[in-house]
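A short write-up of the structure that comes next.
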């Protein structure tokens, strides 16, 4: 049997979400008798050195590339792996939607399209040419093989948590010792801006209730957690299942949180959630404009969002609402309606809110639509060096003044949100920065003062300097060692 290294690259944000994508791959490979090593670069002092050591006797290295800024660190890892003679495979949302561009890069043999449990086993057992749901380049041409149906994720549970130190992924939130967990894949809805419909083909699949509770029992035994945050795109898609899981967690004394659609909530459900230990609900509200909700195919009404806030406030259930601004066709009145709605949910149920720029991501219906407005790709080098929350792209359907305004609003909102939720997981330097900025940022938010953003302009500059200096250095090193110019790839 072969040795396979599963590598999760570093990220620009401080996050403790476990690398479930690679754990599922590990489970699939272990069931075939292969030897597995998992490297989570976020927690390694010298991840490339560790990778180099493990590649000495490895056959395959699989790298998860879920976000654009992971590409550079993934490429450096690929370079190390190829120098050792390993087959290098990439997978993940970003890799799937950008496979034709990424396959122009060196040190990369193939990309898994969509979920990878079946594909990685076939690659390891029989080679790339005999694997399903993959893309690879041969003789200058991209070959796609996409014949396999979805897997049953229950076949891979319980996950092999012994491969990583799960204690690293425990977070603290208002006295709760929690871990993030994914119990299902996909969502049956078709929101045009979301990655889920094209990636999961609007198919929802979940672990059984028994499997979910078993997984959480294992995590609780290993880490001593008292809470679980479900990362599922739509945890309440199967309401009977969700209620059974909640009841099982209540019996164990474990509290929980999830993301939900506003139109899914009613009085009896919110009461049940509160009684079974739900400590927070996250809701994708998106916008306060009915017209834009329809344009995004969200299939909810503004009143659904308001009603959800009233229900959550009535039952004392903590919540957060996510919004987007800078949407195609958004006018000044639409923006005002969105900001008014953020204030409504904050005042009605004490919700935390997060307002972000509506960024078109390749692969989504929303991206296809904005191309008609002149929105296109930047070079891969530019894209990899950008952290979109701090550097939203220029939106050609907005004026320069409007672009500046939505960027300012989103960064103010981001700082508020991160300070409220993640400051305990930050390093000391970042904690000091967020605490220093908090009073003036809060004043700006409450009084809608978006102009002359000197203090968070400085914050954005410092964060960009930290990340871009490193990433640009990595890209330059790659370009100096290869014949590929990353700055010339991907622009359109």
Task: Close pairs (8 angstrom Cβ cut-off, 6 or more residues apart or separate chains): in the same structural domain as residue 63 (by TED's automatic domain parsing) and without any contact (Cβ under 8 Å) to a residue 12 or more places away in the chain in region 1-12, surrounded by fewer than 19 Cβ atoms within 10 Å (Cβ to Cβ) and part of a strand (DSSP E or B) anywhere - done: none
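For every residue, the table says whether it meets (1) surrounded by fewer than 18 Cβ atoms within 10 Å (Cβ to Cβ); (2) within 27 Å of residue 415 (Cα to Cα); (3) modelled with pLDDT of 95 or more.
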site: 344; (1), (2), (3): no, yes, yes
site: 349; (1), (2), (3): no, yes, yes
site: 355; (1), (2), (3): no, yes, yes
site: 368; (1), (2), (3): yes, no, no
site: 371; (1), (2), (3): yes, no, no
site: 378; (1), (2), (3): yes, yes, no
site: 384; (1), (2), (3): no, yes, no
site: 387; (1), (2), (3): no, yes, no
- [ ] Kindly indicate the residue of region 118-141 that is in contact with a helix residue (DSSP H, G or I) (Cβ under 9 Å, 6 or more places away or on another chain) and surrounded by fewer than 14 Cβ atoms within 10 Å (Cβ to Cβ) and also nearest to residue 106 (Cα to Cα) among those meeting that condition.
- [x] 138
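Per-residue answers, yes or no, for (1) farther than 27 Å from residue 164 by Cα; (2) out of contact with any strand residue (DSSP E or B) (no Cβ under 6 Å at 6 or more places or on another chain):
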residue: 248; (1), (2): no, yes
residue: 256; (1), (2): no, no
residue: 261; (1), (2): yes, yes
residue: 268; (1), (2): yes, yes
residue: 299; (1), (2): yes, yes
residue: 310; (1), (2): yes, yes
residue: 313; (1), (2): yes, yes
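Residue-by-condition table, conditions (1) surrounded by 21 or more Cβ atoms within 10 Å (Cβ to Cβ); (2) closer than 20 Å to residue 282 by Cα:
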| site | (1), (2) |
| --- | --- |
| 209 | no, no |
| 213 | no, no |
| 218 | no, no |
| 225 | yes, no |
| 231 | no, yes |
| 236 | no, yes |
| 247 | no, yes |
Task: Residue list for region 1-42, filter: at pLDDT below 95 and within 18 Å of residue 126 (Cβ to Cβ) - done: 1
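Kindly evaluate residue 196 against the criterion of being crowded, with 20+ Cβ neighbours inside 10 Å and within 24 Å of residue 239 (Cβ to Cβ).
yes
Select from region 1-25 the residues that are under 21 Å from residue 52 (Cα atoms) and under 20 Å from the mean Cα position of the chain (by Cα) and list them in ascending order. Spell out how you get there, then give the answer.
In the first step, residues of region 1-25 are kept if they are under 21 Å from residue 52 (Cα atoms); the result is 1-11, 19, 22-23, 25.
Residues satisfying the conditions are 6, 7, 8, 9, 10, 11, 19, 22, 23, 25.
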TODO: Considering each residue of region 73-109, count those that are at pLDDT below 95, more than 23 Å from residue 364 (Cβ to Cβ) and not in a loop (DSSP other than H, G, I, E, B), and give that number.
DONE: 9
Task: Candidate set: region 161-175, residues that are in a loop (DSSP other than H, G, I, E, B) and touching a strand residue (DSSP E or B) at 6+ places or on another chain (Cβ under 7 Å); chosen: the one nearest to residue 103 (Cα to Cα) - done: 164
Open item on the list: I need the full set of residues from region 268-285 which are in contact with a helix residue (DSSP H, G or I) (Cβ under 6 Å, 6 or more places away or on another chain) and over 19 Å from residue 226 (Cβ atoms), in order please.
Closed with: 270, 283, 285
TODO: Only one of these is assigned by TED's automatic domain parsing to the domain that holds residue 92 and in a helix (DSSP H, G or I): 148, 129. Name it.
DONE: 129
- [ ] Name every residue in region 343-366 that is closer than 19 Å to residue 296 by Cα and either in a loop (DSSP other than H, G, I, E, B) or more than 23 Å from the chain's Cα centre (by Cα) (or both), in order of residue number.
- [x] 358, 359, 360, 361, 362, 363, 364
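What helices (runs of 4 or more DSSP H) completely inside region 257-317 contain at least 3 residues that are over 24 Å from residue 337 (Cα atoms)?
267-275
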Task: The one condition in (1) under 19 Å from the mean Cα position of the chain (by Cα); (2) assigned to a strand (DSSP E or B); (3) without any contact (Cβ under 8 Å) to a residue 40 or more places away in the chain that residue 202 fails to fulfil - done: (2)
TODO: Please go through region 21-73 and pick out each residue that is closer than 30 Å to residue 195 by Cα and free of Cβ contacts under 8 Å to residues at least 12 places away in the same chain.
DONE: 44
Task: Top-ranked residue of region 250-273 - restricted to ones that are in contact (Cβ under 8 Å) with a residue 40 or more places away in the chain and surrounded by fewer than 17 Cβ atoms within 10 Å (Cβ to Cβ), ranked as nearest to residue 172 (Cα to Cα) - done: 271
- [ ] For region 178-193, indicate whether the set of residues that are outside any loop (DSSP other than H, G, I, E, B), touching a residue at least 60 places away in the same chain (Cβ under 8 Å) and within 20 Å of residue 369 (Cα to Cα) is non-empty.
- [x] no
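The values are calculated or read from the model by the stated rules, or taken from the named source; none is laboratory data. Since we're looking at a predicted model, the values are computed, not measured. Every residue, glycine as well, gets a Cβ built from its backbone with ideal geometry; the counts of neighbours run over all protein chains shown.
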